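Only the coordinates and a few stated rules stand behind these numbers; no lab work does. Since this is a predicted model, take the numbers as computed values, not measurements. Here the Cβ positions follow ideal geometry from the backbone for every residue, glycine too, while neighbour counts run over all protein chains shown.
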Amino acid sequence: MQGTLGELGPRATEAFAPAIKCAFHAAMSYTQSTGKDAEVVSKEEFRPLMIFLGRYFELLIMFDQVDMSDDRRLDRREFELALPLLTSWGVKVADPDEEFRKIDLDGSGRVRFDEFAGWALAHDLDLTPGDTRDNVPLNELEHNLASRHAGAAKHGEAPRPKAV
């Protein structure tokens, strides 16, 4: 994805929309928001939303690697060609036809991102096996983040991003 920041904004939003939508709905479901409360992210929902965004972005990367036609849907052939990749992410598929039918919840013959994400989460697919960051308790992650920026916070200034 190349272009100016102005051009990149709408394209990035479109590219990441499936993951953002799934993460938003997961956060709302997690906190059991209903009615008007389910339309905006509250303070209590913000942290779960960030966690879900990270996970769904990872799943979107996986989905995009499997979706060779770039049509935002997986057909049976793409699924079968991706079996070695799926195995590297931690799932072994004994019967590709049967598994594809299980993933294709609406029976359309094409798997959407949300269908793939549900299946991937149920099978605990992992884009980066061996990455131990997922095993660290969240409160420890928060502590590490806070201590990393403690020096700047003591002096009343925000940490500065590195120049690109």
Could you tell me which residue out of Leu105, Leu125, Gly35 lies farthest along the dipole of region 5-128 toward its positive end? Charges go on the beta carbon: Lys and Arg +1, Asp and Glu -1, centred on the Cα centre. Gly35
Once you have a ≥ b ≥ c as the square roots of the Cα gyration tensor eigenvalues for region 5-128, tell me rounded if a/c is under 1.5, and otherwise prolate or oblate according to whether a/b is larger than b/c. prolate
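Residues with beta-carbon under 15 Å from that of Thr31, excluding Thr31: net charge, scoring Lys, Arg +1 and Asp, Glu -1? Show your work: numbers first, answer last.
On the way: positive: Lys36, Lys43, Arg47; negative: Asp37, Glu39, Glu44, Glu45.
Counting the neighbours of Thr31, the net charge comes to -1.
So between Lys43 and Ala12, what do we pick up on full extension, going 0.36 nm a residue minus the alpha carbon distance? Intermediate values should be presented prior to the final figure.
Working: separation 31, 0.36 × 31 = 11.16 nm, distance 2.50 nm.
Full extension from Lys43 to Ala12 adds 8.7 nm.
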Length gained, Ile51-Val91, 0.36 nm per residue minus C-alpha separation, equals 12.1 nm
Could you give the dipole magnitude of region 5-128 about its Cα centre, charging the beta-carbon of Lys and Arg +1 and that of Asp and Glu -1, in debye to the nearest 20? 280
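How much length is gained on full extension from Leu121 to His25, taking 0.36 nm per residue of separation minus their Cα-Cα distance?
On the way: separation 96, 0.36 × 96 = 34.56 nm, distance 1.48 nm.
So the chain would gain 33.1 nm between Leu121 and His25.
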